[in-house]
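A.B. asks: Please see the structure below; I have some questions.
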Ligand code: IPM
Ligand code: MG
């Protein structure tokens with residue numbers, strides 16, 4: 001039976017970049033016999049506009065039925081001032097939570113062709129290959145109580161940063177497994193010098209380490225981790241951390257690679273069902289102009305092939321096709337440097353498809 005992929009273009013540049021990933025998907029069906037069926041649905045601001053909710057019930061129902069979900073991005077200034085529950089970001093948080101997508105994998109890999117696009121010196125980032133494993137359905141994003149209360153002028157806003165041992169253990173085991181298949185080094189990032197929740201996180205990770213003798217576990221405070229990421233990023237192999245620290249550190253790691261426009265992500269449940277999306281946002285400032293970099297979304301499709309569909313060969317082919325396009329010197333404006341050629345969103349997607357065909 002063919003696997004079902006739900007496509008959620010979202011807002012801003014979302015529809016443009018997802019369209020390029022769909023071209024790649026079509027090529028995989030045509031050239032390589034990939035057996036998948038796709039459906040489309042609304043999420044984010046587009047869904048709020050059309051259906052009055054950022055995650056409409058029919059979208060969630062389709063998402064539950066699907067084997068995997070490919071998403072563009074959500075959000076934009078148009079929805080900044082509406083009621084909190086209707087904001088586009090709420091749709092994304094709600095689908096992560098409803099589907100139990102607790103494990104967010106954010107690889108930061110530097111393509112050698114882009115070493116000069118990084119803000120860091122080429123020798124500091126050359127060969128960079130980090131995997132950030134971010135807990136995605138707990139922590140301060142979802143902790144209760146939360147709210148804003150009190151009289152105007154005296155109001156208090158509050159959120160709760162909470163992790164249970166089972167939650168830490170679940171993400172911890174996945175991170176140890178990933179590290180075991182890579183260079184065998186895992187850095188757990190916390191703020192255990194200040195926060196009780198981090199103290200428990202650290203203890204739980206330390207206990208887990210006994211089950212993974214092949215992996216070397218170290219701990220790092222989050223402020224130091226932010227500094228080390230820009231000082232000497234190659235010291236990291238796999239980083240595991242909570243929801244908010246992971247949100248912040250993954251943007252930082254993304255920029256090491258030259259552009260956040262290159263980085264894919266996977267958000268997985270316990271059975272490798274996943275939602276795949278670029279790490280970057282909806283970039284409303286360039287939406288509709290054909291300038292957005294579709295490569296993060298195309299690489300997210302490669303992660304979908306690898307993790308949910310277990311099509312490692314096709315995933316490798318898509319990644320190789322992206323490498324070839326970069327070798328050819330094609331660059332969207334975000335990664336453009338002297339001596340390379342500026343390409344638009346769809347030209348970039350077409351070039352990846354051509355590279356796939358050529359290697360078929
Ligand atoms: C991300 C984004 C989201 C997050 C927003 C859009 C809710 O920044 O995926 O990193 O904070 O998780
Ligand atoms: Mg973020």
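The values are calculated or read from the model by the stated rules, or taken from the named source; none is laboratory data. Since this is a predicted model, take the numbers as computed values, not measurements. Virtual Cβ from ideal backbone geometry, glycine too; neighbours counted across all protein chains shown.
A.B. asks: The conditions are (1) over 18 Å from the mean Cα position of the chain (by Cα); (2) surrounded by 22 or more Cβ atoms within 10 Å (Cβ to Cβ), and residue 92 fails exactly one of them. Which is it?
C.D. replies: (1)
A.B. asks: Under 8 Å by Cβ, and 6 or more places apart or on different chains, what pairs join a residue from the range 169-184 that is at positive phi with one that is buried (at least 19 other Cβ atoms within 10 Å of the Cβ)?
C.D. replies: 184/215
A.B. asks: Just the residues that are in contact (Cβ under 8 Å) with a residue 40 or more places away in the chain and either within 15 Å of ligand 2 (Cβ to nearest atom) or crowded, with 18+ Cβ neighbours inside 10 Å (or both), please, taken from the range 55-66.
C.D. replies: 55, 59, 62, 63, 66
A.B. asks: Run down 230, 222, 215 and say which single residue is touching a helix residue (DSSP H, G or I) at 6+ places or on another chain (Cβ under 6 Å), away from ligand 1 (no atom under 16 Å from the Cβ) and more than 26 Å from residue 67 (Cβ to Cβ).
C.D. replies: 215
A.B. asks: Considering only the range 220-312, give the strands (runs of 3 or more DSSP E) lying wholly within it that have at least 2 residues that are within 16 Å of ligand 2 (Cβ to nearest atom), under 12 Å from the mean Cα position of the chain (by Cα) and on the phi < 0 side of the Ramachandran plot.
C.D. replies: In the range 220-312, the matching strands (runs of 3 or more DSSP E) lie at 264-268, 274-278.
A.B. asks: Can I ask one more? Among the residues of the range 323-360, write down those that are touching a strand residue (DSSP E or B) at 6+ places or on another chain (Cβ under 8 Å) and over 17 Å from residue 27 (Cα atoms).
C.D. replies: Of everything in the range 323-360, those that are touching a strand residue (DSSP E or B) at 6+ places or on another chain (Cβ under 8 Å) and over 17 Å from residue 27 (Cα atoms) turn out to be 329, 330, 331, 332, 333, 336, 337, 340, 341, 342, 343.
A.B. asks: Separate question: Please verify whether the range 111-121 includes one or more residues that are surrounded by 14 or more Cβ atoms within 10 Å (Cβ to Cβ) and modelled with pLDDT of 95 or more.
C.D. replies: No, the range 111-121 has no match at all.
Yes/no per residue for (1) within 15 Å of ligand 1 (Cβ to nearest atom); (2) in a loop (DSSP other than H, G, I, E, B); (3) over 25 Å from residue 284 (Cα atoms):
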residue	(1), (2), (3)
50	no, no, no
58	no, no, yes
71	yes, no, no
81	no, yes, no
94	yes, no, no
97	yes, no, yes
104	yes, no, no
108	yes, no, no
114	no, no, no
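A.B. asks: Of the residues 148, 130, which is in a strand (DSSP E or B) and surrounded by 20 or more Cβ atoms within 10 Å (Cβ to Cβ)?
C.D. replies: Only one candidate qualifies: 130.
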